[in-house]
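Participant: Here it is, the structure in full.
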Amino acid sequence: MSIPKTYSAKEAEEKWYNYWLEHKFFKSVPDEREPYTIVIPPPNVTGVLHMGHMLNNTIQDVLIRRARMQGKNACWVPGTDHASIATEAKVVAMLKERGINKKDLSRTEFLAYAWEWKEKYGGIILEQLKKLGASCDWDRTRFTMDADLSEAVIDTFIHLHKKGLIYRGVRMVNWDPQGKTAVSDEEVIRKEVNQKLYYIKYYLLGTQTAKTINHKGEDPNYIVIATTRPETIMADTAICVNPNDPRYTHLHGRQVRIPLIDKAISIITDEYVTMDFGTGALKVTPAHDLNDYELGQKHHLPVIDILNDDGTLNENAQILVGEDRFAARKKIAVLLEEAGALSKVEEYKSQVGFSERTNAVIEPKLSMQWFCKMDEMAKPALDYVLNGEIKLIPDKFINTYRHWMENVKDWCISRQLWWGQQIPAWYNEKGQFVIAKTRAEAEKEFQGLNFEFQNIRQDEDVLDTWFSSWLWPISVFDGFKDPNNADINYYYPTNDLVTAPEILFFWVARMIMAGHEFRGEAPFKNVYLTGIVRDKLGRKMSKSLGNSPDPLDLIEKYGADGVRVGMLLSSPAGNDLMFDEKDCLQGRNFFNKVWNAFLLVKGWEVDPNLKNNNSIAIDWFDSRFNQAVMEIESDFKQYRLSEALMSTYKLVWDDFCAWYLEMIKPAYQQPIDRETYTRTIGFFENILKILHPFMPFITEELWHDELFGERTAQDCCIVARLPYNGEVNTQLLSATEMIKQVITQIRNIRNSKQISPKEALTLSIKANSAIAYLQYEPIINKLANISQLNMVDDKVSGAISFLIATDEFFIPLNENLDPLAEGERLQKEKDYLTGFLKSVNAKLLNERFMANAKPEIIEIELRKRADAEAKLKILNEGLAGLAN
């Protein structure tokens, strides 16, 4: 295959992705190789690709492609989550557009519409991931409501119920009035909100008019409470004060009237009340606040729920029935003002819970729900992380994980929805229930208990979506249906999980619990936690801010490889990514650099009779490449993917393109020798290999060029073996680095003196090191345009000079040297070195440093001091020479 002069990313992406699929390079079946397994964090079936998905799945693809190129049996399992709340909302909206109300449908009819929606829209995000280059085994695609996976969920519920870990009870839950369902604590997002604090007067029973409150003397005939929720006063069942608060001692045991509804409630005492917060008097509303509920339980207070499931006021409120809670808040404030019961209103900031799925303000609500006990399962899940069997990357999240697991609460697992796995609880007409997989099994259970079993019905609620996804690493390999099948025995436990810190507890931790409970081992070895993708101003990307670009538009503009590189260059594990579209431009520029370098090499003519004069350059890049491979390997072992990419980027852009190709490039329209050409093609092939996990499309395109010879259908870059660690000549690397610095300094002098690159210069070197500069003469002459290189024993007067380490370099110029300017330059360098030497000496004179530092670290500092002292000696001599 011959390549065009310009790279078409779009054509290459379509061609090679289809080629990989056609030749089943993504497919994995158990064999004798070492497995490497990743299960995708299943995106919501309602989802479309966003920047967070782009980052997460790029990282997964880099890891899976690298494993594949290491000869491992790489298996990346894709799939989607049924997302109960989000999907049901989408289906309800679709039905509304068709003029259909959910209330008018049976459960079966509604689920038929839901499956219709899923089949039409549910696969969109997976198709979009293909545009990114995701090399998933698509034949293994799973959905959390597949029949087998749903059966596993039901079996899990039954198993845990039998163990006494699942129970049913009335508890205060987080209620989503928009989704009309309970949500777990982890699905509640806390946000700071500007609110109003209302100071309300509750008049003592038997009093009619207000007096001025004077806590120092006169008894008031009312007590003031402060609340952000005046719409719930109708649900108050007591006022509570601290028994040690002297302001209210005389009111203990008295009764007050709730404003607007004139209902009497008692003033109770409890040390729970903070005396210096607000007025020190607390309205107790057990039905609508968790802390109030616990206080009410302690004091045996009644519970009055005044809100419907949709957040409107019900008949228990007595006033404003049917009004939305927030509309009622405003209206009650007006009514309180008119009744003389509103003392004042203040601006107030506080944390408010919002539903992660619908963004509705969460309402604390007493509800009969199903719960899963977590204490017993949390301990082994914590131990896996603390003993290092599961590594969190970065490890800064270990303490967060420990805090969560040591303070775990029971998990509310029931949801008041139809889309999802229906809870396998069956009720008879007396309200008695059994847990069974089918109606027939339920009837047998009732019979065995001598309970009535005529007209039994199944629980209407479904299980929390996370109750299915916590089984994901096991269920995708059919580990519940067939616990000893070939797939689960080969691929499980998986290797790496890539996910976001926000779901560390309510997905990652629960998967660890499930892995221990059902397989007796951890479900994965490493958890790579990505950061949040933010814009360049540090704001979280969102539709409302308009700062979240469409990933598919970015791929269209910069190519999939360009976007992948752009995202990874600035995304260290666990740290937020400050995304700038310029990063994608940098990625596109990088693959264009690779393309143009390839065209350069391919365009050279070969003369088999020419002698190789590039042995130093070849040996240098060979060592530099091997050194870079070790650096990249080390970065990957530490999951420093951003650093691994940067090491690769610098190797290709700087070392290969900017230095090596320039060192060996033949003169214009001149041929190159066979050995240099062959070695360079070999280098390029290895570069394509280490680039492939990051930039799969352009590397596969170049891999199949005729320059590399004939390729078979299976001889592809995607499965090429990564280069092994080779020999590194550190002495050669160090010497060549010095030569590069010499060339760079000469180029800088040309720029500062406005000397044309075409004008040849003379270079004299006073060497104080062991570097054999004459061996590098061809490279220096070529890259710095030096016509004559001299080794000298003394300084060259009248020449511009510079230092590299302790070696001195002189370039005589046709113009007269300005002693004043040269003296200023040398003095500036001396001042810097003097300060540097001072800092090094301070470290070496520090007793704590000398006592605790490793010997090799101390040796480095001693070398720094010796080098600085030698340079200062040379600079002082130079300044003295100018003075004379």
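Participant: For VAL334 and GLN178, FRET efficiency with R0 = 30 Å and r from the beta-carbon atoms, rounded to 0.05? Please report the intermediate quantities before stating the final value.
Facilitator: Values: r = 26 Å, r/R0 = 0.86.
The value I calculate is 0.70.
Participant: What do you get when you divide the Cα radius of gyration of region 666-729 by 2.2 N^0.38 Å, with N the number of residues? Walk me through the intermediate numbers first.
Facilitator: Details: Rg = 13.6 Å, N = 64, 2.2 N^0.38 = 10.7 Å.
Working it through for region 666-729, the quotient is 1.28.
Participant: Among 545-556, 724-735, what's the highest-first ranking by average C-beta atoms within 10 angstrom per residue?
Facilitator: Details: 545-556: 15.9, 724-735: 12.8.
Final packing ranking: 545-556, 724-735.
Participant: Over what distance in Å are the Cα centres of region 637-660 and region 340-408 separated?
Facilitator: 41 Å
Participant: Can you order the peptides 221-227, 454-460 by their average number of other Cβ atoms within 10 Å per residue, highest first?
Facilitator: Details: 221-227: 20.0, 454-460: 13.9.
Listed from highest to lowest mean packing, they are 221-227, 454-460.
Participant: What's the percent breakdown of Cα-Cα distances in the chain across 10 Å bins, shortest bin first?
Facilitator: Values per bin, smallest distances first: 2, 10, 15, 17, 16, 13, 10, 8, 6, 3, 1, 0.
Participant: Any idea what angle helix 51-69 forms with the longest principal axis of the chain, computed on alpha-carbon atoms, 0 to 90 degrees, nearest 10?
Facilitator: It works out to around 50 degrees.
Participant: Within the set of other residues whose C-beta is less than 14 Å from the C-beta of TRP411, count the net charge using Lys and Arg as +1 and Asp and Glu as -1. Please list the in-between numbers first.
Facilitator: Numbers: positive: ARG168, ARG171, LYS373, LYS409, ARG415, ARG510; negative: ASP185, GLU186, GLU187, ASP375, GLU376, ASP410, ASP464, GLU517.
Local net charge: -2.
Participant: Something else about it: In the chain, with Lys and Arg counted as +1 and Asp and Glu as -1 at Cβ, which of these residues, ILE860, PHE326, VAL840, has the Cα nearest the positive end of the dipole, that is, farthest along it?
Facilitator: Result: PHE326.
Participant: Going by the alpha-carbon gyration tensor, a ≥ b ≥ c the square roots of its eigenvalues, is region 265-358 rounded (a/c under 1.5) or, if a/c is not under 1.5, prolate (a/b greater than b/c) versus oblate?
Facilitator: Numbers: a/c = 1.36, a/b = 1.18, b/c = 1.15.
It is rounded, given that a/c, with a ≥ b ≥ c, falls under 1.5.
Participant: How high is the FRET efficiency between LYS753 and THR806 when r is their beta carbon distance and R₀ equals 25 Å, given to the nearest 0.05?
Facilitator: Details: r = 25 Å, r/R0 = 0.99.
Working from the Cβ atoms, E equals 0.50.
Participant: Assigning unit charges at the beta carbon (Lys, Arg +1; Asp, Glu -1) and nothing else, what dipole magnitude in debye, to the nearest 20, does region 3-93 show about its Cα centre? It would help to have the intermediate numbers written out before the result.
Facilitator: Working: 11 positive and 10 negative charges, 60 e Å.
That gives a dipole near 280 debye.
Participant: In addition: Given ASN314, HIS704, ILE85, which one lies farthest toward the positive end of the charge dipole of the chain, if we put +1 on the Cβ of every Lys and Arg and -1 on the Cβ of every Asp and Glu?
Facilitator: Among ASN314, HIS704, ILE85, the one farthest towards the positive end of the dipole of the chain is ASN314.
Participant: Over 21 Å between Cα atoms: which of LYS650/LYS689; LYS27/LYS72; LYS72/LYS650; LYS5/LYS557; LYS24/LYS72; LYS611/LYS766 fall into that group?
Facilitator: Details: LYS650/LYS689 15 Å; LYS27/LYS72 13 Å; LYS72/LYS650 27 Å; LYS5/LYS557 19 Å; LYS24/LYS72 15 Å; LYS611/LYS766 31 Å.
Over 21 Å Cα-Cα: LYS72/LYS650; LYS611/LYS766.
Participant: Moving on. What's the ranking of 273-282, 691-700, 97-106, 71-80 by average number of surrounding C-beta atoms within 10 Å, highest first?
Facilitator: Values: 273-282: 16.8, 691-700: 25.7, 97-106: 9.7, 71-80: 22.2.
Those peptides, ordered most packed to least, come out 691-700, 71-80, 273-282, 97-106.
Participant: On to the next question. Any idea how far the Cα center of region 13-39 sits from the one of region 810-861, in Å?
Facilitator: 55 Å
Participant: If I model a spin label as a point 7 Å beyond the Cα along the Cα-Cβ vector, how far apart are those points for GLU376 and LYS103 in nm?
Facilitator: 4.2 nm
Participant: Follow-up. Simple spin-label model, 7 Å along Cα-to-Cβ: GLU389 to LEU845 in nm?
Facilitator: 5.4 nm
Participant: Rounded to the nearest 10 Å², what accessible area does CYS412 have for a 1.4 Å probe in the complete protein model?
Facilitator: Here the residue's solvent-accessible area equals roughly 10 Å².
Participant: Provide the FRET efficiency to the nearest 0.05 for the LYS196-GLN638 pair, computing r from the beta carbons and using R0 = 41 Å.
Facilitator: Details: r = 51 Å, r/R0 = 1.24.
It comes out at approximately 0.20.
Participant: How about region 731-808: which trypsin sites (Lys or Arg not before Pro) there lie in a loop by DSSP and see at most 16 other Cβ atoms within 10 Å?
Facilitator: Details: sites: LYS740, ARG747, ARG750, LYS753, LYS758, LYS766, LYS782, LYS795; in loops: LYS758, LYS795.
Sparse-neighbourhood loop trypsin sites (Lys or Arg not before Pro): LYS758, LYS795.
Participant: Rg to Rh for region 647-790: what is it, with Cα atoms only and Rh by Kirkwood?
Facilitator: Looking at region 647-790, the ratio lands at 1.04.
Participant: Something else: About the Cα centre, and with charges only on the beta carbon of Lys, Arg (+1) and Asp, Glu (-1), how big is the dipole of region 292-423? Nearest 20 debye, please. Display every interim value, and only then the final one.
Facilitator: Numbers: 16 positive and 21 negative charges, 61 e Å.
Using only the charged Cβ atoms, the result is roughly 300 debye.
Participant: I would also like to ask the following. I need the semi-axes of the equivalent ellipsoid of region 297-423: take the C-alpha gyration tensor, multiply each eigenvalue by 5, square-root it, list largest first in whole angstrom. Write down the numbers at each step before the final one.
Facilitator: Values: eigenvalues 329, 84, 48 Å².
Equivalent-ellipsoid dimensions as semi-axes: 41, 20, 15 Å.
Participant: With all protein chains present, calculate the accessible area of ASP831 using a 1.4 Å probe and round the result to the nearest 10 Å².
Facilitator: Rounded to the nearest 10, that gives 90 Å².
Participant: In whole Hz, with x marking every Gly and Pro, tabulate ³J(HN,Hα) for region 527-533 from phi via Karplus 6.51 cos²θ - 1.76 cosθ + 1.60, θ = phi - 60°.
Facilitator: 10, 8, 9, 7, x, 8, 7
Participant: Which whole number of Å³ per residue matches the convex hull of the alpha-carbon atoms in region 5-164?
Facilitator: For region 5-164, the hull spanned by Cα atoms encloses 182 Å³ per residue.
Participant: Among the lysines, which fall within straight-line cross-link reach of LYS854, defined as a Cα-Cα distance under 20 Å, with same-chain neighbours fewer than 8 residues apart omitted?
Facilitator: Of all the lysines, those that pass the test against LYS854 - Cα under 20 Å, at least 8 places apart if same chain - are LYS843, LYS864.
Participant: Here's a follow-up. If region 389-450 were replaced by its equivalent ellipsoid, with semi-axes equal to the square roots of 5 times the Cα gyration tensor eigenvalues, what would those be, largest first, whole Å? Mind dumping the intermediate values first?
Facilitator: Values: eigenvalues 327, 35, 31 Å².
Those come to 40, 13, 12 Å.
Participant: By a straight-distance test (C-alpha under 12 Å), which aspartates and glutamates pair with LYS795 as possible cross-link partners, with residues fewer than eight away in the same chain excluded?
Facilitator: The reachable aspartates and glutamates, counting only those whose Cα sits under 12 Å from LYS795, are ASP807, GLU808, GLU877.
Participant: Hey, any idea what the orientation-averaged projected area of the convex hull of region 24-88's Cα atoms comes to, in nm²?
Facilitator: Details: hull surface 20.6 nm².
Convex hull of Cα atoms, orientation-averaged projection: 5.2 nm².
Participant: For the pair TRP653/GLU127, report the inter-label distance in nm, with labels modelled 7 Å from Cα in the Cβ direction.
Facilitator: In this crude label model, TRP653 to GLU127 measures out at 3.6 nm.
Participant: Within a Cβ distance under 9 Å of LEU313, other residues only, what is the Lys/Arg minus Asp/Glu net charge? Can you show the working numbers first?
Facilitator: On the way: positive: ARG325; negative: GLU231, GLU315, GLU323, ASP324.
That works out to -3.
Participant: Separate question: Using a 1.4 angstrom probe with every protein chain in place, what is the largest-first accessible-area order of ASP185, ASP270?
Facilitator: Details: ASP185 80, ASP270 15 Å².
Accessible-area ranking of ASP185, ASP270, largest first: ASP185, ASP270.
Participant: Sum up the charges of everything whose Cβ sits under 14 Å from the Cβ of ASP383, counting Lys and Arg as +1 and Asp and Glu as -1, but leave ASP383 out.
Facilitator: Net local charge, ASP383 excluded: -3.
Participant: While we're looking at this one, here's another question. Please report the carbon-and-sulfur percent of the accessible area for the chain; probe 1.4 Å, protein heavy atoms only, DNA, RNA and ligands left out.
Facilitator: Working: 19790 of 40770 Å².
Accessible surface attributable to carbon and sulfur in the chain totals 49 percent.
Participant: Between 0 and 90 degrees, rounded to the nearest ten: what's the tilt of helix 375-386 against the longest Cα principal axis of the chain?
Facilitator: 10 degrees
Participant: Show that you can apply the helix-only estimate: for the chain, add -39,500 (n - 2.57) for every DSSP H stretch of four or more residues, divide by all residues, and state [θ] at 222 nm to the nearest 500. Spell out each step's value before the answer.
Facilitator: Values: 27 runs with 361 residues, N = 884.
Calculated mean residue ellipticity at 222 nm is -13000 deg cm²/dmol.
Participant: Related question: Enter the angle in degrees (range 0 to 90, nearest 10) between the Cα long axis of helix 615-637 and the first principal axis of the Cα atoms of the chain, meaning the one along which they spread out most.
Facilitator: 10 degrees
Participant: Once you charge only the Cβ atoms, +1 for Lys and Arg and -1 for Asp and Glu, what is the size of the charge dipole of the chain about its Cα centre, to the nearest 20 debye?
Facilitator: Details: 106 positive and 124 negative charges, 260 e Å.
Computed charge dipole of the chain: roughly 1240 debye.
Participant: Additional query: Once you have the Cα-Cα distance between GLN351 and GLN775, take 0.36 nm times their residue separation minus that, and quote the gain in nm to one decimal.
Facilitator: Numbers: separation 424, 0.36 × 424 = 152.64 nm, distance 7.06 nm.
Gain on extension, GLN351 to GLN775, equals 145.6 nm.
The values are calculated or read from the model by the stated rules, or taken from the named source; none is laboratory data. Treat the numbers as computed from the prediction; the structure is a model and nothing was measured. Here the Cβ is made from the backbone with ideal geometry for all residues, glycine too, and neighbour counts use every protein chain on show. We work out accessible area using only protein heavy atoms, side chains counted, and drop any ligands, DNA or RNA first. Shrake-Rupley method; radii C 1.70, N 1.55, O 1.52, S 1.80 Å.
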